[in-house]
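Visitor: Just passing along the structure, written as structure tokens.
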Amino acid sequence: SPGAKALTPPILGIERALTLRNVEDVDAMVAALQSETVPGTLPAEDPGVEQGSVVVIGGGFIGLEVAENMVHAGRQVALVEGTDQVMPPLDLEMVSPVHGRLRANGVDLHLGHSVTVIGEHDVTLDDGTRLPAEIVVAAIGVRPEDSLARAAGLEVAERGGIVIDDQY
């Protein structure tokens, strides 16, 4: 298996978002929490951003784990999910209590919305809402890591992954 890479959709400013796929990503996130000089964070004295604010893009399992850990780290967390519920593979009845627990723990849920712009101090949603964002985490999903296959000239599917025949 060639593994996977974090999905980073064509959102203006996406390069500012942190991802969570490997140990290096964890190190970058820890550094962002501890330092105002790491990419993805803003100076503590900047009046344009609410200090400690984190926007997590994606309400799947990884996004929820990140949101939970950011709350435990004392951060103000907003979670943006494009569908009308977190953990989209599950039934709404199953995740409704999760919505309640997230809100009870201070997570500002923005369900059924997407991020259109990641700015220097905030993110903008598709409805025009602007959320303060000292740190932005993109936990949107993964795609196959197919760069080696592409470089080797192998046929790769439109959404990634090596094309195989009946003999693999």
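Visitor: For the range 1-34, give me each residue that is in a loop (DSSP other than H, G, I, E, B), at pLDDT 90 or above and in contact with a helix residue (DSSP H, G or I) (Cβ under 6 Å, 6 or more places away or on another chain).
Guide: THR19
Visitor: Now, a different point. Tally the residues that are in contact with a strand residue (DSSP E or B) (Cβ under 6 Å, 6 or more places away or on another chain) and either part of a helix (DSSP H, G or I) or acidic (Asp, Glu) (or both), restricting the search to the range 62-81.
Guide: Summing the residues that are in contact with a strand residue (DSSP E or B) (Cβ under 6 Å, 6 or more places away or on another chain) and either part of a helix (DSSP H, G or I) or acidic (Asp, Glu) (or both) in the range 62-81 gives 6.
Visitor: Hey, can you tell me all the residues within the range 121-157 that are among the basic types (Lys, Arg) and either open to solvent by less than 60 Å² (accessible area, probe 1.4 Å) or closer than 30 Å to VAL77 by Cβ (or both)?
Guide: Listed by number, the residues that qualify are ARG130, ARG143.
Visitor: From the list VAL66, VAL115, VAL95, which residue is open to solvent by less than 90 Å² (accessible area, probe 1.4 Å), under 23 Å from VAL30 (Cα atoms) and at pLDDT 90 or above?
Guide: Among VAL66, VAL115, VAL95, only VAL66 is open to solvent by less than 90 Å² (accessible area, probe 1.4 Å), under 23 Å from VAL30 (Cα atoms) and at pLDDT 90 or above.
Visitor: Could you grab me the full set of residues in the range 122-168 that are part of a strand (DSSP E or B), of a type in the set (D, E, K, R) and touching a residue at least 40 places away in the same chain (Cβ under 8 Å)?
Guide: ASP122, ARG143 - these are the residues of the range 122-168 that are part of a strand (DSSP E or B), of a type in the set (D, E, K, R) and touching a residue at least 40 places away in the same chain (Cβ under 8 Å).
Visitor: Can you find, within the range 121-168, the residue that is modelled with the lowest pLDDT among those that are over 16 Å from GLY82 (Cβ atoms) and touching a helix residue (DSSP H, G or I) at 6+ places or on another chain (Cβ under 8 Å)?
Guide: So the residue we want is ILE162.
Visitor: A further question follows. Mind listing whichever residues of the range 117-168 are under 24 Å from GLY13 (Cβ atoms) and of a type in the set (Val, Ile, Thr)?
Guide: VAL117, ILE118, VAL123, THR124, THR129, ILE135, VAL136, VAL137, ILE140, VAL142
Visitor: Search the range 50-78 for residues that are in contact (Cβ under 8 Å) with a residue 24 or more places away in the chain and pair each with any residue that is in a helix (DSSP H, G or I) when their beta-carbon atoms are under 6 Å apart and the residues are at least 6 apart or on different chains.
Guide: Matching pairs, first to second residue: VAL54/MET70; VAL56/GLY63; VAL56/VAL66; VAL56/ALA67; ALA73/LEU33; VAL77/ALA67; VAL77/MET70; VAL77/VAL71.
The values are calculated or read from the model by the stated rules, or taken from the named source; none is laboratory data. Since this is a predicted model, take the numbers as computed values, not measurements. Cβ atoms come from the backbone with ideal geometry, glycine included; neighbour counts cover every protein chain shown. To get the accessible areas, we keep the full protein, side chains included, count just its heavy atoms, and leave off ligands, DNA and RNA. Shrake-Rupley method; radii C 1.70, N 1.55, O 1.52, S 1.80 Å.
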